[in-house]
Amino acid sequence: MSRISATTSAIRPRSEAGMEMVRRFHTKSGMAYAEQGAGEPLLLIHGVGMRLEAWAPQMAALGKGHRVIAVDMPGHGESRALPENAGLDGFVAWLGLFLDDLDLDRVNVAGHSMGALIAGGVAASFGNRVSRVALLNGVYRRDAAASAAVIGRAREIRAGLVDVDGPLQRWFGADSRDSDVYRLTHRWLASVDRAGYATAYAAFAAGDGTYADCWPKVTCPALFLTGSDDPNSTPAMARAMADAAPNGYAVLIDGHRHMVNLTAPDEVNAILSEWLAKPEAAR
């Protein structure tokens, strides 16, 4: 397992420039996405309550050598919602349809938080189409207390009780709460479509075990990255998934929590660049 230390404080404030709404394209199936660059494709899937702009630092950096495609999850941004009873497997099937709509036969897939659960499901379900997979701040087999807490939050959201400040307090350290990325993330979560958010959060809450047994069969290079201080997508979870995957490895970023791609963008971009350079597994 590797550990990356942040070189300055736990967060380096960034301007919101380049992270506001970007031009989107829409597939025939109602999926919204943005892309940048050319070359080997890299597909990015954001977390629940967010939108594709959350990947702006990665699109800018990795788009210099790859065709980077960021997609709005169902019911987020401008993507059409799934039925309200959709589980994680429904979101994985949705991403398979997205690959078909864009004629992507072979891709690198990286997901953050719920996007990580989807990315893992895609690697398990469509392994012949995945060159490499990366899970950023992914959850894995929550313990009983954590599972009860997240299922309880899903019920509250379904009932219309949406807490914006609570998640951000878990996602960010205290020293980052006056930063641009905190304010921007707060705005995204506050403006998310409530029905789409409820559907996605319910799938997220119940989905940490859906593909948990599949990692021994995922033979492509598999990166499991999280912040050393993430209380929900913990270092122990990252290590457990890495140990289960034949070509898995875990990387921790010291002093960061859940939103590492925004709070430590340079470190995350360097780690993803190294992951993208790893040789593919034989088909």
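Which one of the conditions (1) surrounded by fewer than 22 Cβ atoms within 10 Å (Cβ to Cβ); (2) within 20 Å of Gly227 (Cβ to Cβ) does Gly138 fail to meet, given that it meets all the rest? With (1) surrounded by fewer than 22 Cβ atoms within 10 Å (Cβ to Cβ); (2) within 20 Å of Gly227 (Cβ to Cβ) applied to Gly138, the lone miss is (1).
Residue-by-condition table, conditions (1) of a type in the set (Ser, Thr, Tyr); (2) within 17 Å of Val48 (Cα to Cα); (3) modelled with pLDDT of 95 or more:
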{"position": "Ile151", "(1), (2), (3)": "no, yes, yes"}
{"position": "Arg155", "(1), (2), (3)": "no, yes, yes"}
{"position": "Gly166", "(1), (2), (3)": "no, yes, no"}
{"position": "Cys214", "(1), (2), (3)": "no, no, yes"}
{"position": "Thr226", "(1), (2), (3)": "yes, yes, yes"}
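In this structure, Glu274 does not qualify as surrounded by fewer than 17 Cβ atoms within 10 Å (Cβ to Cβ), at pLDDT below 95, closer than 17 Å to Val109 by Cα and of a type in the set (D, E, K, R).
Please determine, by comparing only the residues of region 141-150 that are assigned to a loop (DSSP other than H, G, I, E, B) and touching a residue at least 24 places away in the same chain (Cβ under 8 Å), which one is surrounded by the most Cβ atoms within 10 Å (Cβ to Cβ). Among residues in region 141-150 that are assigned to a loop (DSSP other than H, G, I, E, B) and touching a residue at least 24 places away in the same chain (Cβ under 8 Å), the one surrounded by the most Cβ atoms within 10 Å (Cβ to Cβ) is Arg142. Being free of Cβ contacts under 8 Å to residues at least 24 places away in the same chain and surrounded by fewer than 19 Cβ atoms within 10 Å (Cβ to Cβ) holds for only one residue in Asp89, Asp103, and it is Asp103.
Here the condition is being of a type in the set (Val, Ile, Thr), modelled with pLDDT under 65, open to solvent by less than 60 Å² (accessible area, probe 1.4 Å) and outside any loop (DSSP other than H, G, I, E, B); of Ile4, Ile11, it holds for Ile4 alone.
His186 meets all of the listed conditions (1) surrounded by fewer than 22 Cβ atoms within 10 Å (Cβ to Cβ); (2) farther than 17 Å from Val48 by Cβ but one, namely (2).
Evaluated against (1) part of a helix (DSSP H, G or I); (2) surrounded by 20 or more Cβ atoms within 10 Å (Cβ to Cβ), Asn108 falls short on exactly one condition, (1). Filtering region 67-86 to residues that are surrounded by fewer than 21 Cβ atoms within 10 Å (Cβ to Cβ) and either of a type in the set (Gly, Ala, Ser) or part of a loop (DSSP other than H, G, I, E, B) (or both) leaves Glu78, Arg80, Ala81, Leu82, Pro83, Glu84, Asn85, Ala86.
The values are calculated or read from the model by the stated rules, or taken from the named source; none is laboratory data. Here the structure is a predicted model, which means the values were calculated and not measured. Please note: Cβ atoms are built from the backbone with ideal geometry, for glycine as well, and neighbour counts cover all protein chains shown. Each accessible area value is taken on the protein alone, full model and side chains, heavy atoms only, with ligands, DNA and RNA left out. Shrake-Rupley method; radii C 1.70, N 1.55, O 1.52, S 1.80 Å.
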